[in-house]
Amino acid sequence: MVWTTAAKFAVQGFNFIQGIILARLLDPSDFGLIAMAGVFTAISATFVDSGFSNALVRNKERTEMDYSTFVTNVALSLFFCLLLCACSGLIADFYHQDKLRKIVVLCASQLFLGSINAVQGTRLTINLDFRTKGIINVISVVVTGLVTIAMAFMGYGVWSLIYPLFFKIVLEFFLYRYFQHWFPKIQFSWASWKKSFSFGSKLLLSSLIYTVYHNIAPIIIGKKYTAADLGYYNKAEGYAALPAKTVNQVLSGVSFPVLAEVQDDYESLQSVYRRLIRLSAYVVFPLMMGIAALARPLVICLITEKWSQSILYLQVVCFSLMWHPIHALNINLLQVKGRSDLFLRLEILKTIVGITILFITVQISLLAMCVGQVVNSLFALLINTFYTGKMIDVGFFKQMKDLLPSFLYSVSMGAVIWFCIKLVPNLWVQLVGAAYYLSVSKLTRSPELDYVVQLLRENVLPKLRKNK
């Protein structure tokens, strides 16, 4: 958890700074074009993985042949690369954006090349070697980000968001080789593939439904509105997703193999799961409330007035994404228990409701669509916790009881920040909010605060003393 958190926050911190620079250098329409193309590559990437990664992590008796069978993902990625290249003209005509032809072809090529590195990262996850995985991720992101910024300064426009990603893929390939000294053999076993696909196929369909649903909004916005409007929405969602998805990625990456290790011990599984729920809420809730309260000075000070249209979108989306780490933990439990069939059932139900809300609200306005996301996220929370309650007796009400203290701390902290912003419109007000949150946690003897302090004492301070 410590290594993954450190790596993710380092990467997201750098991406945050990089995003500020790029938002000042590039136009909102440039980001909108990338979002349009990203929809189709995201759907293709779901097919490429086919749920194989999670099946490989969950399998306790994996062999070298199981790793090597991962080459099927490379073959699938080549197929979808060629398919996207063939459809690039149709995609450009759909949006009435000629630049999308070349953008889609380049993104498709990255999909194919990136699949070569996928099994390397999965192997590190299986070995719980999050230290090495974090180092590789930080190096590749920072170096690629610097190249991206340099190209934006040189006036490459939207292409500065695409070309550096080829460099990232090559860099990751050599870093994996350097740290692991391992590469999958070119061999294939039908028995190994069938074993993984029997579990992964349901995850594939579930992930496909999830990906299509969560990428249908950019398709509709890009078609109904303008590329600039999509850029405003995408930037708002990006800032809101910064803490939520960072915590989500940390928890998903760590919780799945950790919960898999104790999947047969009912009491340990329940205890670890509830601790992860409380810890995730304690970290992500105040971050999301803080961003919502600071939205206006945050956007104006960091990326200038030209992005002011995204402020209200950002505030509303924060209330939707704050629940995503909780969703992820509930879904991970289903996968750990091998119930990919229930995972699929939930995704179908949530998608039907979500698409219904989306098609109703998008006809009204972009703001109404953001409000609809909040409603859908709360509905998903109710649905996701249903089977968790059945499996380990930690259902909706027990989870809400675990989350309530952090929620109340965060709401009151957001109110304090909002009030202070009215008096002193400055980003440094966030320090007042942070001090308030920690003080309330201390006064109420929050076990999550004690646990975070314990983690720092046991994992961070010894390393700092050693470095001195």
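Summary of values
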quantity	calculated
Residues of the stretch 346-453: accessible area per residue with a 1.4 Å probe, Å²	54
Kirkwood Rh and Cα Rg combined as Rg/Rh, the stretch 246-398	1.03
Global geometry of the stretch 371-444, whether rounded, prolate or oblate, following the gyration tensor of its Cα atoms and the 1.5 cut on a/c	oblate
Bins of 5 Å, starting at 0 and running to the largest distance - Cα pair percent for the stretch 277-352	3, 14, 18, 15, 14, 13, 10, 8, 4, 1
Gain upon complete extension [F153, K102; 0.36 nm per residue less C-alpha separation]	16.2 nm
Nearest-10 value in Å² for the accessible area of I348, using the 1.4 Å probe	70
Probe 1.4 Å, all protein chains present, accessible-area order of E172, E347, E267, E305, largest first	E267, E305, E172, E347
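The values are calculated or read from the model by the stated rules, or taken from the named source; none is laboratory data. Keep in mind that what you see is a predicted model, and the values were worked out from it rather than measured. Heavy atoms of the whole protein, side chains included, go into the accessibility calculation; ligands, DNA and RNA do not. Shrake-Rupley method; radii C 1.70, N 1.55, O 1.52, S 1.80 Å.
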